[in-house]
Amino acid sequence: MIEVITARCPQNHPCPAVHRCPVDAIVQNGYAAPSVDSDKCTDCGQCTYMCRAFTEQ
Ligand code: SF4
């Protein structure tokens, strides 16, 4: 399961992982820390290579 560690996100830019996710599971409102839709996420791990805010639990 992927979790976003909010404290690791500077929340000052568009999340580059949003477009990397193959199933569009990452949602970001404005520049806020993104969230992962666990119903869509397949645990592929791509986002964890993009940013250390995404962690595999
Ligand atoms: S693990 Fe894969 S499917 Fe899940 S949020 Fe990250 S990029 Fe998307």
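The numbers here are math on the coordinates, done by the rules we state, and not lab data. Everything quoted here is computed from the prediction, not taken from an experiment. Cβ atoms come from the backbone with ideal geometry, glycine included; neighbour counts cover every protein chain shown.
Of everything in the range 4-44, what is within 17 Å of T55 (Cβ to Cβ) and of a type in the set (D, E, K, R)? Give them in sequence order.
R8, R20, D37, D43
Yes/no per residue for (1) in contact with a helix residue (DSSP H, G or I) (Cβ under 7 Å, 6 or more places away or on another chain); (2) loosely packed, with under 13 Cβ neighbours inside 10 Å; (3) not hydroxyl-bearing (S, T, Y):
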position: M1; (1), (2), (3): no, yes, yes
position: P16; (1), (2), (3): yes, yes, yes
position: C21; (1), (2), (3): yes, no, yes
position: C44; (1), (2), (3): no, no, yes
position: F54; (1), (2), (3): yes, no, yes
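Within the set of pairs 6+ apart or on separate chains, which have a first residue in the range 1-20 that is under 16 Å from S38 (Cα atoms), a second that is assigned to a loop (DSSP other than H, G, I, E, B) and of a type in the set (D, E, K, R), and C-beta atoms under 9 Å apart?
M1/D43; I2/D43; I5/R52; V18/D24
Counting only residues that are outside any strand (DSSP E or B), of a type in the set (V, I, T) and more than 8 Å from the ligand (Cβ to nearest atom), how many does the range 16-48 have?
Here is the first cut: in the range 16-48, the residues outside any strand (DSSP E or B) are 16-25, 28-34, 37-48.
With the extra rule that they be of a type in the set (V, I, T), the set shrinks to 18, 23, 42, 48.
Now restrict to residues that are more than 8 Å from the ligand (Cβ to nearest atom): 18.
Total meeting the criteria: 1.
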